[in-house]
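Notes for the one structure printed next.
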Amino acid sequence: MRTLIVLFTRDLRVHDNPALAAACANAERVVPLFVLDPTLGELSPNRSRFLHQSLADLRESLRKRGADLVIRTGEPVAETMKLAGEVQADGIALTQDVSGYARRRERRLAQECDRHRLSLRLFPGTTVVPPGEVRPSGGGGHYKVFSPYYRAWESAKWRDEATTPRKITIPDGLSTGRLPALPRGESPDALDGGESEGQRRLKTWLRHIGPYDELHDDMAADSTSRLSAYLRFGCLSPLAVANAARGHDGAGPAAFVRQLGWRDFYYQVTQAFPKISTKAYRKSGDSEWRTDQDALQHWQDGSTGVPIVDAGMRQLQAEGFMHNRARLITAAFLTKHLGLDWREGVQWFFRWLNDGDVANNSGNWQWVAGTGNDTKPYRRFNPIRQAERFDPDGVYVRRYVPELSSVSGKAVHQPWRLPDTVRAGLDYPGPLESHRDEAVWLRP
């Protein structure tokens, strides 16, 4: 009787999961496995919480199909091989990923499978189009600029969605293990994890996708999908989400699909450049960062005295999420205005973001810092102009900076220009001393 292990990683779903579907089609017994790696558990309390919720939901989905999720704790390859021996597995199925950690895991697993004469099959599933499937015609290995990549991505033949298994049989007497107690996340207003919640949110989002192209930068409206964390953990299939959006006509769905193309773009960049979180993709300008722990602390705490920046940083801590426009503004403020190293921002976002992954978090930080894939590496974002354009009435700022709730209209974006008597009653700091006189963003 053929037995296969499906090692779940960032594909925590039963719908459109090619690795799971292939295992169920090619073996009489399938062992769904997730290994909790203690070395990753301390990186982000928010993501640990989201992960555990997602695993609990996946376990319930598997139980409805007659199976269960086997939970092990330890080094993933060692635990997988140990289980393979216990169940006398014939092979292992795994969804491919692009981070350095994931690729090291794949290499070690391949070596161990070869040593123990087990088959190892790798499957797509973390992106719409697998990284490396579309390449520049003139060589170069991967696309370094988004626009030509997106044209190739759009015209590529997308795979068919995998069938969702109706019944899964696991070996008799298998000890499945217990999922540890739910970790306590740091963000009180963070979204709940899991495929079921992700599917519910996707259905709701598709009813409101029409004006996405007009509203996705409207910070007050908060009209983005909020699906990023579900994509990051694979609770939702990127391909299924893209197909669902493509099923709706109009500029809004097209703009949303383009964002999924951006996500895939950074995955193929990371596959070619796995040190994207620590090493500059474009070396120019990467040695000019200054050190200012006080300024860094104010930025992290959301107390820079620049309301739109502080609002974004406070949303991050409250929700484990930040509006995309706010991510651009806060990242540009750290790197282009304060002159601090983009790697500080990468690590701070990694700590808090439910959707923080290597490819997109690090790729976007490098884009803003001018060390990555931006074709205009010296681009600057003026935070005041950004605030007045994308939060013209100050609704977003007042939502996250309650000290300014009494300030009306766009005056909230430059409280240092208010009369002294008004400013004195706000309990809100002035701009950072080290940055107070910079004309680029203080001018009206």
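The values are calculated or read from the model by the stated rules, or taken from the named source; none is laboratory data. Since this is a predicted model, take the numbers as computed values, not measurements. Cβ atoms come from the backbone with ideal geometry, glycine included; neighbour counts cover every protein chain shown.
Could you list all residues from the range 103-134 that are surrounded by 15 or more Cβ atoms within 10 Å (Cβ to Cβ), of a type in the set (Lys, Arg) and not in a helix (DSSP H, G or I)? Before the answer, list the steps.
So in the range 103-134, the residues surrounded by 15 or more Cβ atoms within 10 Å (Cβ to Cβ) come out as 103, 105-106, 108-110, 112-113, 118, 120-131, 133-134.
Narrowing further to those that are of a type in the set (Lys, Arg): 103, 105, 108, 121.
The answer is ARG121, and nothing else.
Assess whether ASP393 counts as being part of a loop (DSSP other than H, G, I, E, B) and modelled with pLDDT of 95 or more.
Working: part of a loop (DSSP other than H, G, I, E, B): yes; modelled with pLDDT of 95 or more: yes.
So ASP393 fits the description; yes.
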Check your understanding: Just to be sure, is ALA387 buried (at least 19 other Cβ atoms within 10 Å of the Cβ), within 27 Å of ARG290 (Cβ to Cβ) and at pLDDT 95 or above?
Key -> yes
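Are there helices (runs of 4 or more DSSP H) fully within the range 258-346 with at least 3 residues that are touching a strand residue (DSSP E or B) at 6+ places or on another chain (Cβ under 8 Å)? List them.
On the way: elements: 293-301, 307-319, 324-332.
In the range 258-346, the matching helices (runs of 4 or more DSSP H) lie at 293-301.
Please work out if GLY210 is more than 19 Å from SER61 (Cα to Cα) and either in contact (Cβ under 8 Å) with a residue 24 or more places away in the chain or buried (at least 17 other Cβ atoms within 10 Å of the Cβ) (or both).
It is true that GLY210 is more than 19 Å from SER61 (Cα to Cα) and either in contact (Cβ under 8 Å) with a residue 24 or more places away in the chain or buried (at least 17 other Cβ atoms within 10 Å of the Cβ) (or both).
Only one of ARG343, ARG380, ARG399 is under 18 Å from the mean Cα position of the chain (by Cα) and surrounded by fewer than 24 Cβ atoms within 10 Å (Cβ to Cβ); which? Step through it out loud before you land on a result.
Values: ARG380 fails: under 18 Å from the mean Cα position of the chain (by Cα); ARG399 fails: under 18 Å from the mean Cα position of the chain (by Cα).
After ruling out the rest, the residue left standing is ARG343.
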Practice item. Consider ALA190 carefully, then state whether it is among the aliphatic types (A, V, I, L, M), buried (at least 16 other Cβ atoms within 10 Å of the Cβ), touching a strand residue (DSSP E or B) at 6+ places or on another chain (Cβ under 9 Å) and in a loop (DSSP other than H, G, I, E, B). Key: no
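Residues checked against (1) closer than 18 Å to GLU133 by Cα; (2) surrounded by fewer than 16 Cβ atoms within 10 Å (Cβ to Cβ):
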site: ALA251; (1), (2): no, yes
site: ALA255; (1), (2): no, no
site: GLN268; (1), (2): yes, no
site: PRO274; (1), (2): yes, no
site: SER277; (1), (2): no, no
site: SER287; (1), (2): no, yes
site: ARG290; (1), (2): no, yes
site: ASP294; (1), (2): no, yes
site: TRP299; (1), (2): no, no
Check your understanding: Within the range 149-167, is even one residue surrounded by fewer than 17 Cβ atoms within 10 Å (Cβ to Cβ), outside any helix (DSSP H, G or I) and of a type in the set (A, V, I, L, M, F, W, C)?
Key -> yes
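Just to be sure I understand, how many residues within the range 352-377 are surrounded by fewer than 19 Cβ atoms within 10 Å (Cβ to Cβ) and either in contact with a Pro (Cβ under 6 Å, 6 or more places away or on another chain) or in a helix (DSSP H, G or I) (or both)?
0
Quick one: which strands (runs of 3 or more DSSP E) lie wholly within the range 3-88 and hold at least 3 residues that are surrounded by fewer than 21 Cβ atoms within 10 Å (Cβ to Cβ) and touching a strand residue (DSSP E or B) at 6+ places or on another chain (Cβ under 8 Å)?
Values: elements: 3-7, 29-36, 70-73.
Correct list: 70-73.
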Review point. Inside the range 97-151, can you point out the residues that are among the hydrophobic types (A, V, I, L, M, F, W, C) and either touching a strand residue (DSSP E or B) at 6+ places or on another chain (Cβ under 6 Å) or farther than 22 Å from GLY363 by Cα (or both)?
Key: LEU109, ALA110, CYS113, LEU118, LEU120, LEU122, PHE123
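If we keep just the residues of the range 187-228 that are small (Gly, Ala, Ser) and touching a Gly at 6+ places or on another chain (Cβ under 7 Å), which is farthest from SER54 (Cα to Cα)?
The initial filter retains those residues of the range 187-228 that are small (Gly, Ala, Ser), namely 187, 190, 193-194, 196, 198, 210, 220-221, 223, 225, 228.
Still in the running and touching a Gly at 6+ places or on another chain (Cβ under 7 Å): 187, 190, 210.
On the way: SER187: 17, ALA190: 14, GLY210: 29 Å.
For the range 187-228, the residue satisfying everything is GLY210.
In the set VAL70, VAL145, VAL129, which member is out of contact with any Leu (no Cβ under 9 Å at 6 or more places or on another chain) and of a type in the set (Val, Ile, Thr)? It would help to see each step written out before you state the result.
Values: VAL70 fails: out of contact with any Leu (no Cβ under 9 Å at 6 or more places or on another chain); VAL129 fails: out of contact with any Leu (no Cβ under 9 Å at 6 or more places or on another chain).
None of the others qualify; the one that does is VAL145.
Counting only residues that are on the phi < 0 side of the Ramachandran plot and free of Cβ contacts under 8 Å to residues at least 12 places away in the same chain, which one in the range 136-148 is surrounded by the fewest Cβ atoms within 10 Å (Cβ to Cβ)?
Pass one, the range 136-148, residues on the phi < 0 side of the Ramachandran plot: 136-138, 142-148.
Subset that is free of Cβ contacts under 8 Å to residues at least 12 places away in the same chain: 137-138, 147.
Working: SER137: 8, GLY138: 5, SER147: 9.
Filtering the range 136-148 for residues that are on the phi < 0 side of the Ramachandran plot and free of Cβ contacts under 8 Å to residues at least 12 places away in the same chain, the one surrounded by the fewest Cβ atoms within 10 Å (Cβ to Cβ) comes out as GLY138.
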Point to revise | Top-ranked residue in the range 372-398 [being of a type in the set (Asp, Glu) and touching a residue at least 12 places away in the same chain (Cβ under 8 Å); ranked as farthest from ARG327 (Cα to Cα)] | key: ASP393
